[in-house]
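Input: a single structure, listed below in structure tokens.
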Amino acid sequence: MSLSEDLRSELAAIAPRKECDRLAELSGLFHSAGSVHLRGRGEVAVHVDVASTAVARRVFSLLRSFGVPSEIRTYQQRAFDGATRYQLHVAGDEHALQVLHEAGVLSARLTPLAGPPRRVVARPCCRGAYVRGALLGGGSLSGPRSPHLEARSAEPEGADFLARLAAEEGLQLRVADRGRHAIAYAKGAETIAGLLALAGAGRAVLVFEESAVMSATRSRANRLANADHANLVRTSRAAHTQLRAVEQLRRSGELAKLPPRLQEVAELRERHPTLPLRELALKCRPPATKAAVHRRLQKLQQIAAI
């Protein structure tokens with residue numbers, strides 16, 4: 001399962017006991033995935049279009065808790081491999097419209113609202129429930145290498161409202177208008193974790209953070225492995241150049257004329273062609289430093305003009 005599917009499954013399993021939280025969650029769901037249809041003669045119907053059975057059942061359960069009947073229908077999406085979508089149809093009877101008005105989905109004149117009135121999200125628990133509904137209806141999560149969380153809204157005003165709501169909890173969301181819809185989104189891992197925690201997705205926070213730690217660990221291991229490989233390549237090339245210098249000096253007879261310390265390091269390099277400088281220095285008599293051995297080998301290369 002993807003992170004988005006895991007998130008929706010976890011959020012759909014949360015069943016708040018307070019009526020104000022259920023109302024706020026319902027509001028977030030309808031503002032992110034709902035649409036209002038005017039049938040004529042003053043009749044109104046409301047649809048909610050969601051991506052999973054778990055979310056569809058959650059919407060059905062929420063509506064039933066307020067005594068609002070609904071019907072679940074399915075259809076095949078034309079794009080994205082023909083994925084199955086779920087629609088909940090709510091007939092616009094007087095009680096259903098009253099509940100949707102209380103949730104801030106419809107105005108007193110039964111016109112759609114871009115965002116709910118303040119009374120719906122006045123409490124911190126209600127703000128968390130509204131965010132949960134928005135993520136259930138139109139949220140997606142990806143990462144952890146390039147973390148990204150977004151919540152869709154039909155209008156830019158709805159995305160702006162969600163960003164303002166998150167800002168009250170110290171979380172900064174950005175808003176983008178995509179033409180057919182708008183989104184409120186975050187890319188920082190800390191902000192994403194904070195928003196998930198606000199919505200009550202504790203397990204998703206842990207999974208996301210664990211994935212981020214694993215990704216960072218793999219990246220660090222790869223960097224170290226690449227650095228070790230680069231060091232080995234550099235050491236091998238340097239040793240090859242040093243061996244060429246020693247061989248050239250030996251053939252020309254110049255090596256026997258050099259000071260004892262230079263002759264010693266030349267013989268050590270010939271006997272131990274792959275040994276790093278630090279270990280080569282320990283074999284000198286008396287033991288030398290890595291820097292001293294490096295200088296002696298460089299001197300050999302200069303004499304040999306390599």
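The values are calculated or read from the model by the stated rules, or taken from the named source; none is laboratory data. Worth saying up front: this structure is predicted, and the values here are computed from it rather than measured. Backbone-built Cβ (ideal geometry, glycine too); neighbour counts: all protein chains shown. In case anyone asks, the SASA skips ligands and DNA or RNA and just uses the protein heavy atoms, side chains included. Shrake-Rupley method; radii C 1.70, N 1.55, O 1.52, S 1.80 Å.
Residue by residue through the stretch 99-115, note down the ones that are assigned to a helix (DSSP H, G or I) and closer than 16 Å to residue 21 by Cβ.
Answer for the stretch 99-115, where residues must be assigned to a helix (DSSP H, G or I) and closer than 16 Å to residue 21 by Cβ: 99, 102.
So, in the stretch 203-251, how many residues would count as being of a type in the set (Ser, Thr, Tyr) and in contact (Cβ under 8 Å) with a residue 40 or more places away in the chain?
4
In the stretch 112-165, which residues are touching an Asp or Glu at 6+ places or on another chain (Cβ under 6 Å) and farther than 25 Å from residue 13 by Cα?
114, 156
Can you name every residue in the stretch 116-134 that is open to solvent by 40 Å² or more (accessible area, probe 1.4 Å) and either part of a helix (DSSP H, G or I) or among the polar types (S, T, N, Q) (or both)?
118, 119, 124, 125 - these are the residues of the stretch 116-134 that are open to solvent by 40 Å² or more (accessible area, probe 1.4 Å) and either part of a helix (DSSP H, G or I) or among the polar types (S, T, N, Q) (or both).
Open to solvent by 20 Å² or more (accessible area, probe 1.4 Å), of a type in the set (D, E, K, R), more than 24 Å from residue 203 (Cα to Cα) and modelled with pLDDT of 90 or more - does that describe any residue in the stretch 49-56?
Checked against the condition, which is being open to solvent by 20 Å² or more (accessible area, probe 1.4 Å), of a type in the set (D, E, K, R), more than 24 Å from residue 203 (Cα to Cα) and modelled with pLDDT of 90 or more, the stretch 49-56 yields at least one hit.
Evaluate the stretch 279-289: report whether one residue or more is more than 18 Å from residue 241 (Cβ to Cβ) and among the basic types (Lys, Arg).
Checked the stretch 279-289: at least one residue is more than 18 Å from residue 241 (Cβ to Cβ) and among the basic types (Lys, Arg).
One residue is enough: does the stretch 135-143 have a residue meeting the conditions more than 11 Å from the chain's Cα centre (by Cα) and outside any helix (DSSP H, G or I)?
Yes, the stretch 135-143 contains at least one residue that is more than 11 Å from the chain's Cα centre (by Cα) and outside any helix (DSSP H, G or I).
Specify the residue that is modelled with the lowest pLDDT; the eligible residues are those in the stretch 158-206 that are open to solvent by 70 Å² or more (accessible area, probe 1.4 Å), assigned to a helix (DSSP H, G or I) and more than 15 Å from residue 127 (Cβ to Cβ).
Ranking the candidates gives 206 first.
Can you find, within the stretch 81-97, the residue that is nearest to residue 70 (Cα to Cα) among those that are part of a helix (DSSP H, G or I) and open to solvent by less than 50 Å² (accessible area, probe 1.4 Å)?
96
Mind telling me which of the residues 78, 73, 64 ends up being touching a strand residue (DSSP E or B) at 6+ places or on another chain (Cβ under 8 Å), basic (Lys, Arg) and open to solvent by 50 Å² or more (accessible area, probe 1.4 Å)?
On inspection, the qualifying residue turns out to be 73.
With 218, 244, 250, 234 as the choices, which residue is of a type in the set (D, E, K, R) and closer than 30 Å to residue 10 by Cβ?
218
Answer with yes or no whether residue 88 is touching a strand residue (DSSP E or B) at 6+ places or on another chain (Cβ under 7 Å) and in contact (Cβ under 8 Å) with a residue 60 or more places away in the chain.
Answer is no for this residue.
Select from the stretch 98-115 the residues that are within 37 Å of the chain's Cα centre (by Cα), farther than 18 Å from residue 129 by Cβ and among the hydrophobic types (A, V, I, L, M, F, W, C) and write down the one among them that is surrounded by the most Cβ atoms within 10 Å (Cβ to Cβ).
106
Tell me the residue from 224, 262 that is assigned to a helix (DSSP H, G or I) and modelled with pLDDT of 90 or more, please.
262
With the stretch 1-66 as the region, which helices (runs of 4 or more DSSP H) entirely inside it contain at least 1 residues that are within 17 Å of residue 114 (Cβ to Cβ)?
Result: 19-33.
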